[in-house]
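Heads up: the structure comes next, in structure tokens.
The values are calculated or read from the model by the stated rules, or taken from the named source; none is laboratory data. Everything quoted here is computed from the prediction, not taken from an experiment. Using ideal geometry, Cβ is built from the backbone for each residue, glycine included, and neighbour counts are taken over all protein chains shown. To get the accessible areas, we keep the full protein, side chains included, count just its heavy atoms, and leave off ligands, DNA and RNA. Shrake-Rupley method; radii C 1.70, N 1.55, O 1.52, S 1.80 Å.
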Amino acid sequence: MPWTVNKEFHFDAAHSLPHLPSTHKCHHLHGHTYTVRVHCSGDLIPEQSWVIDYADIKSVVQPLIDQLDHKNLNEILAIPTTAENIAYWFFAKLKSAKVPVCQVDVHETTGTCCSYTEHK
């Protein structure tokens, strides 16, 4: 599939990684301004000449963002709240909603990023 489009979202949330040693700074409750970038790939839809309408991506992703924004992720997600697991969580939700997602990037900071990419 030659075309990939992406849309970016932001949210603020707290989390901790209690499975890490208590001496690790991420063991304790802390917060991030997250950036989530959703990549969708596919062939162009002939009638519209695009892969997917950005509004269609937003209609699925924004409710997920709203679910996490200004919350403690440990109280919402049933998985360790690493960037890796958050990326997969978004990916799985989008796949089940039939969005043609091929990759989700999660930035916890401006200098870090984790990507979950579908491999076929």
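Scanning segment 80-100 for residues that are closer than 18 Å to TYR54 by Cβ and assigned to a loop (DSSP other than H, G, I, E, B) yields a total of 4. Of all residues in segment 101-120, those that are more than 18 Å from VAL51 (Cα to Cα) and either buried (at least 18 other Cβ atoms within 10 Å of the Cβ) or of a type in the set (A, V, I, L, M, F, W, C) (or both) total 7.
For segment 11-25, a residue qualifies if it is buried (at least 16 other Cβ atoms within 10 Å of the Cβ) and aliphatic (A, V, I, L, M), and the qualifying residues are ALA13, LEU17.
Being over 16 Å from LEU77 (Cα atoms) and either of a type in the set (A, V, I, L, M) or open to solvent by 80 Å² or more (accessible area, probe 1.4 Å) (or both) holds for only one residue in HIS39, HIS28, and it is HIS28.
Reported count of residues in segment 77-100, each being buried (at least 17 other Cβ atoms within 10 Å of the Cβ), under 11 Å from the mean Cα position of the chain (by Cα) and over 18 Å from ALA14 (Cα atoms), is 3. When each of GLU8, GLU47 is tested for being surrounded by fewer than 13 Cβ atoms within 10 Å (Cβ to Cβ), under 19 Å from ALA97 (Cβ atoms) and without any contact (Cβ under 8 Å) to a residue 40 or more places away in the chain, the lone residue that passes is GLU8.
Got a sec? Which of ASP105, ASP66 is charged (D, E, K, R), at negative phi, assigned to a strand (DSSP E or B) and under 15 Å from the mean Cα position of the chain (by Cα)?
On inspection, the qualifying residue turns out to be ASP105.
Looking at TYR34, TYR54 in this structure, which one is of a type in the set (Phe, Trp, Tyr) and crowded, with 17+ Cβ neighbours inside 10 Å?
Of the residues listed, the single one that is of a type in the set (Phe, Trp, Tyr) and crowded, with 17+ Cβ neighbours inside 10 Å is TYR34.
Scanning segment 57-76 for residues that are open to solvent by 10 Å² or more (accessible area, probe 1.4 Å) and among the aliphatic types (A, V, I, L, M) yields VAL60, LEU64, ILE76.
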